[in-house]
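Remarks on the structure that follows.
The values are calculated or read from the model by the stated rules, or taken from the named source; none is laboratory data. If you're wondering where the values come from, they're calculated on a predicted model, not measured in any experiment. No Cβ is skipped: glycine too gets one built from the backbone with ideal geometry, and neighbour counts run over all protein chains shown.
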């Protein structure tokens, strides 16, 4: 048991110091009926590192990693190239094995990178301030809605039909139990829904995703004005953070709150988690923001430093009156995000975004050239929707058998929308090669 | 404020005499290995980039009329600059890898590196959550295997794997209770009983879901006051209590001796028993929560199962459920039959209970944390976990035995995996719990949790975990004894000035909160 | 004629011509420590005795300020939003919180006068 450094002699000596004859005595407060004298049955005994690695690697080997095949999935999780430096740095024990910076004198490393993270998130979203992260984009979205309810003292949220259904469902779960209304529009592949028409005097916010889950990009300025006119907040959701390197940012379009998924920068696909929720807002709402905030200050010698601040919003002080119950968030994923974005910088982030868009345009052109395949979006970033002559789900499974992971069938996301089962979401990033795009087109043509 | 009070442009000369070896202070403001590091935004070298990317093919934009954005304001840095920057920042952090981190209630145990290696296998890290299920059978198998461990260790029949952290797990568990009560619809149940010693997340969670939080006092033994609990619960036939949220072992580091009686009374009243599993490390492998009458409990994989705390996450908070609550789990869940593993993503899917309450986050849960937690569980095995919790409790009781004459203990009897002291013994010295914590920093330790639980004035909650050597504990004991002695012999000024040997001294949190500066801004 | 009264929650109220000025006592500001934020009620709000009207925050604590008597909020101290520290330096002067138009002046009779509050504080020691 390599993780346990006490020896038998240590244990005996320590029990002597305590004045107990056995460790069992220390468990004397446990009701007799629940006490056990040995290991819980039904589980294996301890194993060496080699055996553990062998067993778990065997499970990994049963999967098809994205990098091993032509791969075009997106829908809220994107495969990007993460520079080696990122993973090297986040594995430094001083980052990996520290916790929430409760003692700022010995946590300046974490606090300073969180301050950099907050600044980067504010810059790329075009917002005034950002917090130190949420669990993921979907929980950030739900928290944004609840924050809008607090700010406006209203309780009816309008959710766009272009919102990722997992984000919609996460928000609806909170709506049911917290007690507010979340009106979800029908799936809207083209972004033609009339959200402004759904705002009334009881509407706390409109939640719209850009690019939408179908890939559609749109200008939200008019919607922002409509929200303002009726006293509702505009919440913009972004699931592909790299798009912020190319598109007019939500802040410039008039967003009040931005809830985004930051996985695309610095973080692997990880089969869905852990990811990192980005949360940005206008500064005037700072006291209603959920989660941790890092702020600048001075120490006793007058040197600049950082601390967690405005903690009275949080559960450990405000308890039942807290803005959110969130405690642990996504610290290390935020660090990965920050390092990746620091490496990219202004020039690199813009170029990465253009590269993604160009590859998607290229792929859209190639797919459009296939008979009976139609790209449905007029504007997109690195992901778009294609209409196929058959059920997308079946084709995706067929192509998977041929070693091509073609995209996400809309029916996987919206199983209830039977009229959309011929739609396929296809994403292209800088990791895709022209050969892979051709492999997808060839496989698709043959399958049709 | 956007002042560059650090060394970049105008190096601050150290005040004379801060260190006998360099009475003049250094020219740079650095102190040997301790190097002042400005923000990345203050190191902008315009045009530089730390990632080489090809020139995008020249194609017309298809942005649907949305304009491409202008300058963002990010700095340009080459790769070596970035590596040095974050390496320097890392050295301003305390960490488990570097030393004893007895932060009570947080279980700062050793983080094995095999966990990190396995989580990065492309077969897990490079999997998209929406790939066809035929291409992710091993990932689903891993989730199912970890689920089996968690169910077996707790004796509970069902588990929800998707919650992203402990507080998220609390939400999940309390939502399941609400869903079950709504389904039963016997009578309105608004109240949730929460001991005053609870973690802040407990009342925050209950209140967020519309419950009324009713606080139960602690008794003189540091446990739930059983009479007060029964009075709050009221008549079992008519009570409006929905649940009790109880941490066990509790935040005073004590096992709730009346836990079975509490569970029975709660069940008799038709209410549910939520157990906050933050302190599971004291009993994992030794006591099954099911045997205590627990209906639902979250497990912090980043505490008990050694996944790294990462400076504040990511965590993972699977929730185990009793038979009564099992149908009311969130979506999605993993099921298997002879064809393999499947995901239940809607209430209509095969294997669904039909009563699942919905989704709590995107996708299926913190896969990267599941791999690490399973690697940990398998490494220890059932016998190793039994020994691990035993050693965690032994270490805490050893600190109690050795320090009990130097620091006052609010409660009697053996503790579980953490030991609670307070600062009554320092009364009159001018030294408080906060001062001891800050002095410990200068001694090379991360302080214990201070001023929590709230029920004890001047609380010091020390959780050594099982991964410390006896020698490390003995050194800590010597330091704690020395500090107590120093405090009692009239050196309050020494404590009030501490820490003095850290990258930064005490920081002005009042100024930070009065005029919040939450981001860097260009001048 | 001006009447000064105190509550057990350490609010003070000074009443003149049916308008009561409310703040927290020196004891309260000292117990809270350096204040960093004050949340004041909107004008026109009807408050009841013992109800939460304002919030004060220090770095590590948040506390409610209760209405000493029933009434309608007619003014809030604009200086506190920018400089909450005034409450620390001058709690019973420039650091006042809000003014109420009293609807039940008789409620004042049950509150403590200055001497009674002083003995109340001594009892807390």
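Listed by position, the helices (runs of 4 or more DSSP H) contained in the stretch A:35-126 that have at least 1 residues being more than 23 Å from the chain's Cα centre (by Cα) and over 30 Å from residue B:450 (Cα atoms) are A:49-60.
What do you reckon, is residue B:477 within 23 Å of residue A:316 (Cβ to Cβ) and not in a loop (DSSP other than H, G, I, E, B)?
On the way: within 23 Å of residue A:316 (Cβ to Cβ): no; not in a loop (DSSP other than H, G, I, E, B): yes.
Taking the combined requirement at face value, the residue does not satisfy it.
Residues being surrounded by fewer than 22 Cβ atoms within 10 Å (Cβ to Cβ), assigned to a loop (DSSP other than H, G, I, E, B) and at pLDDT 90 or above are represented in the stretch A:302-323 by at least one member.
None of C:64, C:72, C:42 is touching a strand residue (DSSP E or B) at 6+ places or on another chain (Cβ under 9 Å) and either touching a residue at least 60 places away in the same chain (Cβ under 8 Å) or over 28 Å from residue A:323 (Cβ atoms) (or both) except C:72. So if I check each of B:342, B:364, which one is more than 12 Å from every other protein chain (Cβ to nearest Cβ), modelled with pLDDT of 95 or more and in contact with a strand residue (DSSP E or B) (Cβ under 8 Å, 6 or more places away or on another chain)? Testing whether each residue is more than 12 Å from every other protein chain (Cβ to nearest Cβ), modelled with pLDDT of 95 or more and in contact with a strand residue (DSSP E or B) (Cβ under 8 Å, 6 or more places away or on another chain) leaves just B:342.
Here A:413, A:399, A:405, A:444 are screened, and the one residue that is in contact with a helix residue (DSSP H, G or I) (Cβ under 8 Å, 6 or more places away or on another chain) and more than 11 Å from chain B (Cβ to nearest Cβ) is A:444. Mind checking which residues of the stretch B:368-388 are closer than 18 Å to residue B:278 by Cα and surrounded by fewer than 24 Cβ atoms within 10 Å (Cβ to Cβ)? Of everything in the stretch B:368-388, just one residue is closer than 18 Å to residue B:278 by Cα and surrounded by fewer than 24 Cβ atoms within 10 Å (Cβ to Cβ), namely B:386. Looking across the stretch B:395-414 at every residue that is at the interface with chain A (Cβ under 8 Å from one of its Cβ atoms) and touching a residue at least 60 places away in the same chain (Cβ under 8 Å), the one that is nearest to residue A:46 (Cα to Cα) is identified as B:395. Restricting attention to the stretch B:267-298, the residues being out of contact with any strand residue (DSSP E or B) (no Cβ under 7 Å at 6 or more places or on another chain) and either in contact (Cβ under 8 Å) with a residue 60 or more places away in the chain or within 11 Å of another protein chain (Cβ to nearest Cβ) (or both) number 12.
Residues are listed down the side, and each one gets a yes or a no for (1) within 22 Å of the chain's Cα centre (by Cα); (2) not in a loop (DSSP other than H, G, I, E, B):
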| residue | (1), (2) |
| --- | --- |
| A:182 | yes, yes |
| A:191 | no, no |
| A:197 | no, yes |
| A:211 | yes, no |
| A:224 | no, yes |
| A:235 | yes, yes |
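For the stretch B:435-446, does any single residue satisfy the condition of being within 20 Å of the chain's Cα centre (by Cα), outside any helix (DSSP H, G or I), closer than 25 Å to residue A:108 by Cα and at the interface with chain A (Cβ under 8 Å from one of its Cβ atoms)? Yes. Can you find even one residue in the stretch B:224-234 that is surrounded by 15 or more Cβ atoms within 10 Å (Cβ to Cβ), modelled with pLDDT of 95 or more and closer than 19 Å to residue B:278 by Cα? Yes, the conditions are met somewhere in the stretch B:224-234. Of the set (1) assigned by TED's automatic domain parsing to the domain that holds residue A:243; (2) in contact (Cβ under 8 Å) with a residue 60 or more places away in the chain, all apply to residue A:75 but (1).
Of all residues in the stretch A:33-70, exactly one satisfies the criterion of being in contact (Cβ under 8 Å) with a residue 12 or more places away in the chain, within 7 Å of chain B (Cβ to nearest Cβ) and under 20 Å from residue B:284 (Cα atoms), namely A:46. On the stretch given as the stretch B:68-103, residues that are in contact with a helix residue (DSSP H, G or I) (Cβ under 7 Å, 6 or more places away or on another chain) and in contact (Cβ under 8 Å) with a residue 40 or more places away in the chain total 9.
This table checks each residue for (1) at negative phi; (2) at pLDDT below 95; (3) part of a loop (DSSP other than H, G, I, E, B); (4) assigned by TED's automatic domain parsing to the domain that holds residue A:145.
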| site | (1), (2), (3), (4) |
| --- | --- |
| A:242 | yes, no, no, yes |
| A:251 | yes, no, no, yes |
| A:258 | yes, no, no, yes |
| A:264 | yes, no, yes, yes |
| A:271 | no, no, no, yes |
| A:274 | yes, no, yes, yes |
| A:279 | yes, no, no, yes |
| A:285 | yes, no, no, yes |
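Tally the residues that are within 15 Å of residue A:210 (Cβ to Cβ) and either free of Cβ contacts under 8 Å to residues at least 40 places away in the same chain or over 15 Å from the mean Cα position of the chain (by Cα) (or both), restricting the search to the stretch A:245-277. Total satisfying the criteria: 13.
Only one entry in A:336, A:350 is touching a residue at least 24 places away in the same chain (Cβ under 8 Å), assigned to a helix (DSSP H, G or I) and either facing chain B (nearest Cβ under 7 Å) or under 19 Å from residue A:136 (Cα atoms) (or both), namely A:336.
Of the numbered criteria (1) closer than 28 Å to residue B:127 by Cβ; (2) part of a loop (DSSP other than H, G, I, E, B); (3) within 7 Å of chain A (Cβ to nearest Cβ), the one residue B:374 fails is (2). Looking only at the stretch B:62-82, count every residue that is surrounded by fewer than 18 Cβ atoms within 10 Å (Cβ to Cβ), at the interface with chain A (Cβ under 7 Å from one of its Cβ atoms) and not in a loop (DSSP other than H, G, I, E, B) and tell me the total. The total comes to 2.
Select, from B:502, B:465, the only residue that is closer than 30 Å to residue B:385 by Cα and in a loop (DSSP other than H, G, I, E, B).
Working: B:502 fails: closer than 30 Å to residue B:385 by Cα.
One residue alone meets the criteria, B:465.
Among the residues making up the stretch B:27-41, those that are more than 10 Å from chain A (Cβ to nearest Cβ) and more than 19 Å from residue A:110 (Cβ to Cβ) are B:27, B:28, B:30, B:31, B:32. The numbered conditions (1) in a helix (DSSP H, G or I); (2) in the same structural domain as residue B:469 (by TED's automatic domain parsing) are all true for residue B:412 except (1). Answer with yes or no whether residue C:87 is surrounded by 20 or more Cβ atoms within 10 Å (Cβ to Cβ) and in a helix (DSSP H, G or I). So residue C:87 passes the test. Scanning the stretch B:106-140 for residues that are crowded, with 22+ Cβ neighbours inside 10 Å, touching a strand residue (DSSP E or B) at 6+ places or on another chain (Cβ under 7 Å) and more than 7 Å from chain A (Cβ to nearest Cβ) returns a single hit, B:140.
Table: residues versus (1) more than 26 Å from the chain's Cα centre (by Cα); (2) over 26 Å from residue A:323 (Cβ atoms).
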| residue | (1), (2) |
| --- | --- |
| B:167 | no, no |
| B:190 | yes, no |
| B:225 | yes, yes |
| B:260 | yes, yes |
| B:266 | yes, yes |
